[in-house]
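Here the structure comes first, spelled out in structure tokens, and everything after it is commentary.
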Number of protein chains: 4
Amino acid sequence: MKLKVGILGATGMVGQRFIQYLKNHPWFEIEGLMASSASAGKKYRDAAKWYLKEEIPEGISDMIVEEMDIKVAKEHDLDIVFSAIPAEIAKEIEENFAKEIPVFSNTSTYRMEDDIPLVVPEVNPEHLNLIEIQKKKRNWNGFIVTNPNCSTIGLVIPLKPVMDNFGIESVNVTTMQALSGAGYEGVPSMAILDNMVPFIKNEEEKMESESLKILGKFESAGIKFADFDVFASCNRIMVLDGHTEAAFVKTEKDFEIDEIKKVLRKFHGEPQKLKLPTAPENPIVVMEKDDRPQPRLDRDLGNGMIVSVGRIRKKNEKLLKFICLSHNTIRGAAGASVLNAELAYKKRLFV
Amino acid sequence: MKLKVGILGATGMVGQRFIQYLKNHPWFEIEGLMASSASAGKKYRDAAKWYLKEEIPEGISDMIVEEMDIKVAKEHDLDIVFSAIPAEIAKEIEENFAKEIPVFSNTSTYRMEDDIPLVVPEVNPEHLNLIEIQKKKRNWNGFIVTNPNCSTIGLVIPLKPVMDNFGIESVNVTTMQALSGAGYEGVPSMAILDNMVPFIKNEEEKMESESLKILGKFESAGIKFADFDVFASCNRIMVLDGHTEAAFVKTEKDFEIDEIKKVLRKFHGEPQKLKLPTAPENPIVVMEKDDRPQPRLDRDLGNGMIVSVGRIRKKNEKLLKFICLSHNTIRGAAGASVLNAELAYKKRLFV
Amino acid sequence: MKLKVGILGATGMVGQRFIQYLKNHPWFEIEGLMASSASAGKKYRDAAKWYLKEEIPEGISDMIVEEMDIKVAKEHDLDIVFSAIPAEIAKEIEENFAKEIPVFSNTSTYRMEDDIPLVVPEVNPEHLNLIEIQKKKRNWNGFIVTNPNCSTIGLVIPLKPVMDNFGIESVNVTTMQALSGAGYEGVPSMAILDNMVPFIKNEEEKMESESLKILGKFESAGIKFADFDVFASCNRIMVLDGHTEAAFVKTEKDFEIDEIKKVLRKFHGEPQKLKLPTAPENPIVVMEKDDRPQPRLDRDLGNGMIVSVGRIRKKNEKLLKFICLSHNTIRGAAGASVLNAELAYKKRLFV
Amino acid sequence: MKLKVGILGATGMVGQRFIQYLKNHPWFEIEGLMASSASAGKKYRDAAKWYLKEEIPEGISDMIVEEMDIKVAKEHDLDIVFSAIPAEIAKEIEENFAKEIPVFSNTSTYRMEDDIPLVVPEVNPEHLNLIEIQKKKRNWNGFIVTNPNCSTIGLVIPLKPVMDNFGIESVNVTTMQALSGAGYEGVPSMAILDNMVPFIKNEEEKMESESLKILGKFESAGIKFADFDVFASCNRIMVLDGHTEAAFVKTEKDFEIDEIKKVLRKFHGEPQKLKLPTAPENPIVVMEKDDRPQPRLDRDLGNGMIVSVGRIRKKNEKLLKFICLSHNTIRGAAGASVLNAELAYKKRLFV
């Protein structure tokens, strides 16, 4: 018997990716589609501006979108909800649900709170220990588990094995981010054709703070952040999906390029050990060709769950350069949340 | 009476920009158009795949393209030549001309040789002192003066006042470069639509070495390179003209953001003092809007000779982030060469 | 002394073009900027999302945007207003102004009404005779003169000399229209990247009806529409500015390709005779190169007021094919309105 | 046991699509990859600039590319070859192969010859009767069967049921064609960004002649061409794959829109009856949404073998407008050839 899941913000771009990822899921079944009042009451196919190439899954197309109200969860007897709602409205809505059932959220609102796990299953699964602390402190029946910003996740996955093996002193990263990160209507074509935009609101702040929490250690009192600095410069370019990032990493110990490739290639974590349904066989693919990864060609590797790393270079001692690419609405959003839920479920942290 | 100038590689994209910049020049007059044997003998309008919006200037359109042979310079009694030829063939051709007359070259071939000035007039005009050394050493009547790679120049101009005022410990820079940098046929549309390419052959090497020569000091024995490191990550994006760069600069002394803005805004050099015809009033424009500079909107400032700097940020002590943008075929190529020639002429280094 | 003019809808894309076209106008001076209540009260530079490359003209930048109320016209003693407001709200607003002063409107609302001139100065200047009929019938002190839809105008200009010389039996036209036609936020980048959209709401209806009114004859009772058919298929493609159209024209009399080129080239009208300030020397440029016109290269000819016609072909008797291109926010909008006002002023139809 | 097939021009874009379509084919097995001398002798993965998203199939990647010589066919005991070679060199090469074995060619060279079938299996399968005539006349053991130009095929499929049910008097069609039609390096990004090109060499001629042969009747003496006119205007736009066409069809009998939709929807042919492996269930999908088909969203329907038809409109009596879209390198090239081979094989026209 599958768990019954609901989606908050089901009509948006990340909501659509949730549907895509959950429609044939072996453990989860979509029983509730929730969105803003403007969509509630409509059939899903009328409420959503569907942007994916594959058609709306049959069972979903005719489902009626409902209000983002905990009553809906109760009526449908939902076991968990996934959330892809705007940060401005998430505070209250996610809390209302978390009081009763687990919430796996792609929204930034709760990410940096002390007792909220911000998890990438391959990187910091032990942060899920915060769940217990959280439930006690807030006196909730459910809880909130968050996944990071779409540009953070593509960076921390390769940083983790580098950190574990060579230590990190500081990171400078420049992103070249896809249009879909801003939502379907986020970037007017007039703004970006023959152009790029060197600014994404709040994005650098998220990368610079979230990375250090994720790469930090769970200790009894909470998370001890990683103690190096991350500096980010975030840019929008004319690509549909796939965030590309140019990283400069100052390591603590010196390294050889081949050592870096080796630790990246053999990197894996709990999702691989536990064979979670959404986990790629290897979370990182190292590319040898000079001009890869490229977003159009590589963003869909591992159904969008693989981070591609290429152009691994070294100039001076302890100075590592590489390019990483990940699919921003899959590994960077819906897929990340689903993987978190799979991990928590497998570890019997709920139900 | 104007000086008679020739253009080597007159049919290519930079060659076209030379024509655009020289057609109404107060001191120079185009008297020779030279290109490969495939073009020689044809009318310019038939030989060039003209890509600029404005039409081919009238006097130029019907001129006959000639071989890249010093005889042509003699026949036309040329005073100087500008060169925009491929690096692979420049070694011999530029030497042949330099034996007799001054060559202002946009080509990379000679840039890093000890006795060849690599000059940005606002940044290191004193490097022109190498001319004398060069002529003696090589026993040439003419000489070669080079300008840097199109992505180097946009970076060193803002680095110069930062270095002079706060010192520089290291620079990490990620470029997002325009298509025209690769030549008209350089990037197939199939390669770049809904995509970016994280690799440009030899570009990072050029940025990392040229910057340090330009920011170095002229001493009697030659140039003493700047003693910090520049690390570059070079990318191609779908923009026609204008290279955007995200720089992270570790300074030696701490700074306030407003101090940086101030030194950038008041920065100027010999081209401004001497009021050279191609010099912009101010070489740097500092932008205050969060989302500027942008290539389509800002690349043509100052007729393409201004470097726009924006998003000046500081996170930690001594860590400066900014975005800079410059027109790659103007300030980054033809305009740079013309400005070099203007400076050398005004300083009576030839004729 | 210049006439004082106001702009309704001054903050939008066509509003910006009005400002660009009027800022140094020899006869007109901008004295009033009017827009929706959301903008009213703000400085122009804060109210408008300025999209043009050249900066907001100095005098305009600090002007306060006002409500679209006839009182504003009276306070500023405006002689005429230009209108670039959405069709949905134009009915009442334009009427309120037209009761008192001349309105030159780019909006579709009144175009097809019997007593409203729909004018392209080179094509049907005599339709301005409707002004008198209109003022009488509506008992207005002012009047409304409209210009056609941005895709209509590029077609009717070349059709006019063809019709006059060879007669027209029917026209099939397929448009490939620029993004700016939909307004700055009209087309999301996600909708159009690696894509095209074969639909523009109401556009085909406008082309099919407006063309026949413009090419019709003024008779004492009103306009007698042209008696052939125009069939249109309208598409959006990823181009910033410039509508390209592929026309198939069945003529009444047979023709030679050279005859067509000749009548297009020598075509001119009252704006040329009267040397109106905004009129191009020739309204049509005929291009001989196989692959021209192209929007990026040719849209700005004649400051955006020229229609470029190329690929003039004939397969069978009486079947003419050609490609025409015109700048949709200049010749197709603001420039068209200004030219109408210039013509009406020169003919002393007001003031 | 599968038939052994070879591919001529295996490294190009259509060659890659052949590999994609044949790699798991139930009847055919790739045994020979042939290309120009520049590629011969290299491993396929080194010889081809692979542009498809999915990786080079495993068995193919290491195969050695060979010369386009009939000896290769003999060594490998090939049963048939598919050809995707440039028209300039096809005359002799295809003949050399056809003397011995069947050639299914995507190249234009032989398409319009009297005794060469130009076939779309759903439209004119009976034209395969020319094979017998061809073999006799040319005294060949093999034969050549061609498929049409990529823009022709998307048009003739919907024209066929319209012609059969309502008759056709004339067709005007404007294409908006994808970049891949010109080959990987065919369209420089500098040529097409913020632009379109209203010209594709020889394309209009092909559409205007091929359509009438395909829609013609096989008679004992050969093909009697359809007796109406097709006029085409061919344009390149910035889309990766998928040719969109705007058709105006003058019919002989009047029609209702619903009748058109009905005949398009129920249209099918021999590939459907015979359940050929590459045949889509229905060759045409009729779309009801105003803004469909769109290339990015619809080009891959039916694995790229479906023609999408939308915006079916009628203005006047007998004047039909519609938009059709098909995948130019699949239904318009490799898939078309494979389907031809499947049909010929199933009908026992060889082996």
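From the alpha carbon centroid of segment A:54-83 to that of segment A:147-215 is 30 Å. The trypsin sites (Lys or Arg not before Pro) of segment B:258-319 meeting both criteria, a DSSP state outside H, G, I, E and B (loop) and at most 13 other C-beta atoms within 10 angstrom of the site's C-beta, are B:K275, B:K289. Pop the C-beta distance of B:E317 and D:E113 into the FRET formula with R0 = 51 Å and round what comes out to the nearest 0.05. Once rounded, the FRET efficiency stands at 0.05.
Per residue, the convex hull spanned by the alpha carbons of chain D comes to 127 Å³.
Over chain A, Cα pairs under 8 Å with separation of 6+ residues give a relative contact order of 17 percent. Shown here for segment C:132-185: GluC sites (Glu not before Pro) in loop regions (DSSP other than H, G, I, E, B) with at most 14 other Cβ atoms within 10 Å, namely C:E185.
A Cβ-based charge dipole, computed about the Cα centre of chain A with Lys and Arg at +1 and Asp and Glu at -1, lands at about 600 debye. Name the long-range amide H neighbours of D:R236: under 5 Å, sequence gap of 5 or more, or other chain; modelled H, no Pro or chain starts. Correct list: D:Q177, D:V197, D:F199. Estimated from the Cβ-Cβ distance and a Förster radius of 51 angstrom, the FRET efficiency linking C:K99 and C:K53 is about 0.85. Starting from a Cα-only point model with no solvent, please compute log10 I(q)/I(0) by Debye for segment D:140-205 at q = 0.15 1/Å. Taking Cα atoms of segment D:140-205 as identical point scatterers yields -0.70. Pair-distance distribution of segment A:41-95: all C-alpha pairs, bin width 10 Å, starting at 0; shares per bin in whole percent are 19, 45, 34, 2.
Which entries of B:K217/B:K262; C:K273/C:K314; C:K314/D:K135; D:K250/D:K275 show an alpha-carbon separation above 27 angstrom in the structure shown? As for pairs spanning more than 27 Å Cα to Cα, those are C:K273/C:K314; C:K314/D:K135; D:K250/D:K275.
Among A:V239, C:V197, D:V309, sorting on how many other beta-carbon atoms sit within 10 Å of each Cβ, with the fewest leading, yields C:V197, D:V309, A:V239.
Once C-alpha pairs closer than 8 Å and six or more residues apart are averaged by separation and normalised to the residue number of segment D:150-327, the relative contact order reads 28 percent.
Modelled label positions at A:I64 and D:K23, each set 7 Å beyond Cα in the direction of Cβ, lie 4.6 nm from each other. Note on C:K137: lysines with a C-alpha under 16 Å away, same-chain residues under 8 apart excluded, are C:K99.
In straight-distance terms, cross-link reach from A:K346 covers every one of the aspartates and glutamates whose alpha-carbon lies under 13 Å from its own, apart from those fewer than eight places away in the same chain; here that gives A:E270.
Each Lys and Arg contributes +1 and each Asp and Glu -1, all at the Cβ; summed about the Cα centre of the protein assembly as shown, the dipole is approximately 0 debye. Taking the square roots of 5 times each eigenvalue of the Cα gyration tensor of the protein assembly as shown, largest first, gives ellipsoid semi-axes of 46, 44, 39 Å.
Adding -39500 (n - 2.57) for every DSSP H run of four residues or longer, then dividing by how many residues chain C holds, sets the calculated 222 nm ellipticity at -8500 deg cm²/dmol. Per residue of D:173-181, other chain Cβ atoms within 10 Å of the residue Cβ number 4 on average.
Given a cut-off of under 8 Å on Cα pairs at least six residues apart, what relative contact order in percent is computed for segment B:17-133? Relative contact order comes out at 18 percent.
Using only the C-alpha atoms, the convex hull of segment C:224-351 corresponds to 140 Å³ per residue. Reported value for segment D:150-327: 131 Å³ per residue, from the convex hull of its C-alpha atoms.
Under 10 Å, Cα contacts only: if you run a Gaussian network model on chain D, which one of D:C324, D:C150, D:C234 comes out with the highest mean-square fluctuation? Largest GNM mean-square fluctuation: D:C234. For segment B:263-351, applying the loop criterion from DSSP together with a ceiling of 10 other beta carbons within 10 Å to the GluC sites (Glu not before Pro) yields B:E288, B:E317.
Extending 7 Å from Cα along the Cβ direction at A:E281 and again at C:F225 yields two label points whose distance is 6.6 nm.
Here A:I153, C:I80 are placed in order of increasing Cβ neighbour count within 10 Å, fewest first, which gives C:I80, A:I153. Computed from point charges on the beta carbon alone (+1 for Lys and Arg, -1 for Asp and Glu), the dipole magnitude for segment C:292-331 about its Cα centre is near 280 Debye.
Any read-out appearing in this document is the output of simple, stated calculations on the displayed coordinates, not a laboratory observation. Note that the structure is predicted; figures quoted are calculated from it, not measured. Using ideal geometry, Cβ is built from the backbone for each residue, glycine included, and neighbour counts are taken over all protein chains shown.
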